[in-house]
Amino acid sequence: MKKIGFIPLRKGSKGIPYKNKRKMVGRPLFTWVLGEAVFSELDEVIVFTDDQEIIDFIGKEYQWTKKVKAQLRSDESANDTASTELAMLEYCESVNYNFDVFCLLQATSPFTKREDINACLEKLAGDYDSALTVVNTHRFLWNDKGEALNYNPHKRPRRQDFEGVLVENGAVYTTTKEALKKYKNRIGVKTAIVKMPEDSLLEVDTETDWVAVEHLLIERQKRAKKALEITHLVLDVDGVFTDGTITYTKDGEHTKSFDMRDGMGLEILRQFGVKVLVMTSENSELVAKRMEKLKIANVYLGVKDKYSLLQNILKEENLLINNFAYLGDDVNDLTNICSVGWSLAPNNATTIVKQHADVVLSQSSGAGAIREACQFIMNYNKRF
């Protein structure tokens with residue numbers, strides 16, 4: 001049974017310009033859903049967009065998985081008045097409905113987890129032809145005539161005694177091929193529900209939504225942290241190994257400065273059994289040569305979505321994120337900073353990273369920060 005995920009993205013956005021590509025906790029907004037879809041039970045994930053930049057981004061960023069494919073959608077299905085169903089049907093007809101289960105995922109719902117996707121898929125194994133995610137809200141609803149819709153205002157129930165109502169949160173919709181072909185809609189006629197946390201009722205449509213959702217995502221990631229023995233250390237490069245400056249000539253990048261003491265610290269750390277990985281958004285030959293000199297084998301260059309790559313490493317090697325430490329300095333490190341067992345930041349890191357790192361080092365990047373981080377890890381691991 002072939003199960004496909006479908007993420008429709010439009011280049012245009014009136015509420016928040018370019019919101020799908022804008023960084024939410026350091027990652028493009030759409031990658032929050034895309035990453036979870038990759039690690040779900042879906043067999044294939046289609047990003048359907050009129051934005052060539054996103055198509056190029058996916059082609060470069062997700063080479064570590066065969067699940068993700070980007071496809072250009074027509075201008076007609078991407079204009080302001082086009083429905084999501086129009087985009088869905090355009091894609092389905094382009095592949096002649098070559099699937100068994102269709103899963104619509106909304107990029108503006110970054111709270112979606114792989115477990116939510118899988119739960120919706122599982123519902124279709126029974127008698128249902130579709131499933132969707134909902135939130136149980138305990139709000140009291142009224143209409144514009146001043147009439148209460150879901151309770152008696154003269155017998156106001158206590159929250160703990162009130163069942164509330166179920167509201168679509170717009171995150172996940174699954175349907176069988178047969179139902180989709182028949183009804184031309186994201187849901188059929190026999191629909192199951194999957195409950196998600198109340199936070200997920202928030203969608204990213206306004207700047208106010210953006211601030212609220214980003215804060216909640218950060219707190220969600222940090223609540224899942226657990227302090228375990230550190231077995232792996234992941235390092236950014238620019239602003240961690242170096243002071244963040246690059247010397248350029250007319251021929252391009254020329255030099256970066258590295259602190260020799262950092263190299264010694266990493267060598268000693270590896271002798272204590274801690275594996276070192278390097279993950280940087282830059283694709284630099286100088287960095288590759290320096291890491292080769294330091295005998296660091298696991299070097300990932302040109303990585304924009306560092307969190308998804310880390311998730312793939314965890315899955316492939318059957319590791320726990322709480323056994324990882326992460327040393328980063330800027331916003332593209334932020335999701336990993338908020339997620340690993342221990343996160344560290346150089347003294348001269350950006351303010352937002354220092355606000356959320358577990359440890360702010362006394363040394364600056366390119367001037368002993370890595371050496372200090374290595375010493376912290378060795379001292380910390382002694383208790384285990």
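Picking from residues in the stretch 306-332 that are outside any helix (DSSP H, G or I) and in contact with a Gly (Cβ under 7 Å, 6 or more places away or on another chain), the one that is nearest to D56 (Cα to Cα) is D330. Of all residues in the stretch 240-274, those that are buried (at least 18 other Cβ atoms within 10 Å of the Cβ) and either over 22 Å from P346 (Cα atoms) or among the charged types (D, E, K, R) (or both) total 4.
Within the stretch 333-373, restricting attention to residues that are touching a Ser or Thr at 6+ places or on another chain (Cβ under 8 Å) and in a loop (DSSP other than H, G, I, E, B), the residue that is surrounded by the fewest Cβ atoms within 10 Å (Cβ to Cβ) is N347.
Tell me yes or no: at least one residue of the stretch 26-37 is of a type in the set (D, E) and farther than 28 Å from V299 by Cβ. Looking through the stretch 26-37, none of the residues is of a type in the set (D, E) and farther than 28 Å from V299 by Cβ.
Going by the structure shown, is K67 of a type in the set (K, R) and touching a strand residue (DSSP E or B) at 6+ places or on another chain (Cβ under 6 Å)?
Considered against the rule, which asks whether it is of a type in the set (K, R) and touching a strand residue (DSSP E or B) at 6+ places or on another chain (Cβ under 6 Å), K67 comes out as yes.
Elements of the type strands (runs of 3 or more DSSP E) sitting completely within the stretch 97-187 and holding at least 3 residues that are of a type in the set (V, I, T) and touching a residue at least 24 places away in the same chain (Cβ under 8 Å): these cover 130-137, 165-176.
Restricting attention to the stretch 256-292, the residues that are within 31 Å of the chain's Cα centre (by Cα) and either over 22 Å from I377 (Cβ atoms) or aliphatic (A, V, I, L, M) (or both) total 19.
No other residue among E53, E44 is charged (D, E, K, R), over 25 Å from M279 (Cβ atoms) and within 23 Å of the chain's Cα centre (by Cα) apart from E44. Between T112, T108, T84, the distinction of being over 20 Å from E198 (Cβ atoms) and assigned by TED's automatic domain parsing to the domain that holds M196 belongs to T84 only.
Assessment of the stretch 303-319 against the conditions (of a type in the set (K, R), under 27 Å from H215 (Cβ atoms) and within 30 Å of the chain's Cα centre (by Cα)) yields at least one matching residue. Across the stretch 277-301, the qualifying residues are those that are part of a loop (DSSP other than H, G, I, E, B) and of a type in the set (D, E, K, R), and the one among them that is surrounded by the most Cβ atoms within 10 Å (Cβ to Cβ) is E282.
Answer with yes or no whether V25 is touching a strand residue (DSSP E or B) at 6+ places or on another chain (Cβ under 9 Å) and assigned by TED's automatic domain parsing to the domain that holds N169. When the stated conditions are applied, V25 does not pass them.
Listed by position, the helices (runs of 4 or more DSSP H) contained in the stretch 1-83 that have at least 2 residues being at pLDDT below 95, surrounded by fewer than 21 Cβ atoms within 10 Å (Cβ to Cβ) and not acidic (D, E) are 52-61.
The values are calculated or read from the model by the stated rules, or taken from the named source; none is laboratory data. Please read these numbers as outputs of a predicted model, since none were measured by experiment. We place every Cβ from the backbone using ideal geometry, glycine too, and count neighbours over all the protein chains shown.
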